[in-house]
């Protein structure tokens, strides 16, 4: 015996036992075992609720009542029977609350709930926990079954989804050429990036043949292979209107498509299998257009900013190069032979000026001493002292002249040595000693090795005075030969 049958038998046994009523009915003690109506309804309710699980019931909606409490009371009927139903506010799920205002008598509905009895009136009724249109409910169950199947195969995994190209060369659109979606997509693409060409692969998006046409349009796009990204979709509608985008074959074709696919079916609240298997799901067709192309104005602003930054970097780089060139030019000028000679000439000029100043200072000192001695001689005026002083003066004069001449000669000697040393390092002095600067006439290259010249070459030799041109007759080995 099943578990439900056991529960039903136990409930029936409880009903057959006498109830707690102990009074008399019309003074007749034979009725002492009778139960009240309330007890009967309560026991019947217990029997129904424990003996029957929750069920789905389909029927036509009638006698719909909407009191201020928010509960819904109605009947479900078919050709031969009907049942009262109560759908309490706390059981009305949030996504359905917005739809209940659209329910009306005559709608074919699918209700899920438990069978019970309203004890106050003894009415047999269904306590509804979920209510939806009968056709849409079946489609939703098909949707959930297919969704679970494809999810188990990994078709919804994020890892397999492809990234959209940053700037596609060409955009393909699979939709109805007369629907509102194509106009919304083209309008957004024209506003954001009109330079990108668009190819429309026409297809029906509603009806029995829509799924097959959508698969054919997708296959055509793959065969022609002319787009970097594809948009597949349509505008909003009911679940039945969007059902072609829940086709399993279409979902598998989208998942296997090597071109990135953006699904834009319906509005933001609508979800289809195509949305789940596509690489990117857009809330609306306009949103899909915004996803596949960048904003041209924003790119132009970026290009202007990059051009400005590039010009600044180039200008800064050139300024650094100019400064380094100036520094190298100054270094080259300071290291050149001409600059070295100029510095040595300045040094000699300064030495000569110092020597002249020293001689003048010495002569001045001695002249002042002579003047002082002459003054003392004049003051003393004895003849002997004058004579001795004159002799001493003559001797001092000779010593002074000899010392001055000796200093001048020593300075001239140092000057000659410095000039000879300067002359020795000068290239002109090298030429004066019989050397020459030889270069190849054809290339203008200086010759320092016999490997650079061969017989018959024209050469040119610069001497201390003049230039000699010659032709090489023979080439002999260098100093190591």
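Tell me the helices (runs of 4 or more DSSP H) entirely within the stretch 255-373 that contain at least 2 residues that are within 30 Å of residue 427 (Cα to Cα). Show your work before the answer.
On the way: elements: 273-277, 285-292, 296-335.
Because the criterion is at least 2 residues that are within 30 Å of residue 427 (Cα to Cα), the helices (runs of 4 or more DSSP H) in the stretch 255-373 that meet it are 296-335.
Got at least one residue in the stretch 187-199 being surrounded by fewer than 19 Cβ atoms within 10 Å (Cβ to Cβ), closer than 24 Å to residue 239 by Cα and modelled with pLDDT under 95?
No, the conditions are met nowhere in the stretch 187-199.
Free of Cβ contacts under 8 Å to residues at least 60 places away in the same chain, in the same structural domain as residue 180 (by TED's automatic domain parsing), touching a helix residue (DSSP H, G or I) at 6+ places or on another chain (Cβ under 9 Å) and on the phi < 0 side of the Ramachandran plot: which single residue out of 279, 275, 241 fits that description?
On the way: 279 fails: free of Cβ contacts under 8 Å to residues at least 60 places away in the same chain; 241 fails: touching a helix residue (DSSP H, G or I) at 6+ places or on another chain (Cβ under 9 Å).
Testing whether each residue is free of Cβ contacts under 8 Å to residues at least 60 places away in the same chain, in the same structural domain as residue 180 (by TED's automatic domain parsing), touching a helix residue (DSSP H, G or I) at 6+ places or on another chain (Cβ under 9 Å) and on the phi < 0 side of the Ramachandran plot leaves just 275.
Restricting to the stretch 400-443, count the residues that are farther than 18 Å from residue 342 by Cβ and exposed (fewer than 11 other Cβ atoms within 10 Å of the Cβ).
Step one: filter the stretch 400-443 for residues farther than 18 Å from residue 342 by Cβ, giving 400-414, 416-417, 420, 430-443.
Next, only the ones that are exposed (fewer than 11 other Cβ atoms within 10 Å of the Cβ) stay: 401-402, 405-406, 409, 413, 416-417, 420, 433-434, 442-443.
Residues flagged as farther than 18 Å from residue 342 by Cβ and exposed (fewer than 11 other Cβ atoms within 10 Å of the Cβ) within the stretch 400-443 amount to 13.
Which numbered condition trips up residue 375, out of (1) modelled with pLDDT under 85; (2) in the same structural domain as residue 341 (by TED's automatic domain parsing); (3) closer than 26 Å to residue 339 by Cα; (4) out of contact with any helix residue (DSSP H, G or I) (no Cβ under 8 Å at 6 or more places or on another chain)?
(3)
So which residues in the stretch 222-240 are touching a strand residue (DSSP E or B) at 6+ places or on another chain (Cβ under 8 Å) and under 20 Å from residue 276 (Cβ atoms), if there are any at all?
Once the filter is applied, which keeps residues that are touching a strand residue (DSSP E or B) at 6+ places or on another chain (Cβ under 8 Å) and under 20 Å from residue 276 (Cβ atoms), the stretch 222-240 yields 229, 230, 231, 232, 233, 234.
It is to be established whether one or more residues within the stretch 143-156 are surrounded by 16 or more Cβ atoms within 10 Å (Cβ to Cβ), within 32 Å of the chain's Cα centre (by Cα) and in contact (Cβ under 8 Å) with a residue 60 or more places away in the chain.
Yes; the residues of the stretch 143-156 include at least one that is surrounded by 16 or more Cβ atoms within 10 Å (Cβ to Cβ), within 32 Å of the chain's Cα centre (by Cα) and in contact (Cβ under 8 Å) with a residue 60 or more places away in the chain.
Test residue 230 against the stated conditions and say whether it is farther than 17 Å from residue 162 by Cα, touching a residue at least 24 places away in the same chain (Cβ under 8 Å) and outside any loop (DSSP other than H, G, I, E, B). Break it down into steps so the answer makes sense when it comes.
Working: farther than 17 Å from residue 162 by Cα: no; touching a residue at least 24 places away in the same chain (Cβ under 8 Å): yes; outside any loop (DSSP other than H, G, I, E, B): yes.
Answer is no for this residue.
Please go through the stretch 167-199 and give me each residue that is in contact (Cβ under 8 Å) with a residue 40 or more places away in the chain, outside any helix (DSSP H, G or I) and closer than 22 Å to residue 222 by Cβ, ordered by number.
Answer for the stretch 167-199, where residues must be in contact (Cβ under 8 Å) with a residue 40 or more places away in the chain, outside any helix (DSSP H, G or I) and closer than 22 Å to residue 222 by Cβ: 167, 168, 169, 170, 171, 172, 173, 174, 175, 176, 196.
Of the residues that sit in the stretch 256-267 and are over 27 Å from the mean Cα position of the chain (by Cα) and under 24 Å from residue 157 (Cβ atoms), which one is surrounded by the most Cβ atoms within 10 Å (Cβ to Cβ)? Don't jump to the end; show me each part of the working.
In the first step, residues of the stretch 256-267 are kept if they are over 27 Å from the mean Cα position of the chain (by Cα); the result is 256, 265-267.
Filter again for under 24 Å from residue 157 (Cβ atoms), leaving 256, 265-266.
Working: 256: 11, 265: 31, 266: 24.
This residue is 265.
Within the bounds of the stretch 349-372, is there any residue that is modelled with pLDDT under 85 and either over 30 Å from residue 461 (Cβ atoms) or not assigned by TED's automatic domain parsing to the domain that holds residue 462 (or both)? Reasoning before the result, please.
We begin by selecting, within the stretch 349-372, every residue modelled with pLDDT under 85; these are none.
Looking for residues that are modelled with pLDDT under 85 and either over 30 Å from residue 461 (Cβ atoms) or not assigned by TED's automatic domain parsing to the domain that holds residue 462 (or both), one finds none in the stretch 349-372, hence no.
Sort out which residues of the stretch 121-147 are outside any strand (DSSP E or B) and out of contact with any helix residue (DSSP H, G or I) (no Cβ under 8 Å at 6 or more places or on another chain), and write them in order of number.
Residues of the stretch 121-147 outside any strand (DSSP E or B): 121-122, 134-147.
Result: 121, 134, 135, 136, 137, 138, 140, 141, 144, 145.
The values are calculated or read from the model by the stated rules, or taken from the named source; none is laboratory data. This structure is a prediction, so every number in the text was calculated from the model and none was measured. All Cβ positions, even for glycine, are placed from backbone atoms using ideal geometry, and neighbour counts span all protein chains on display.
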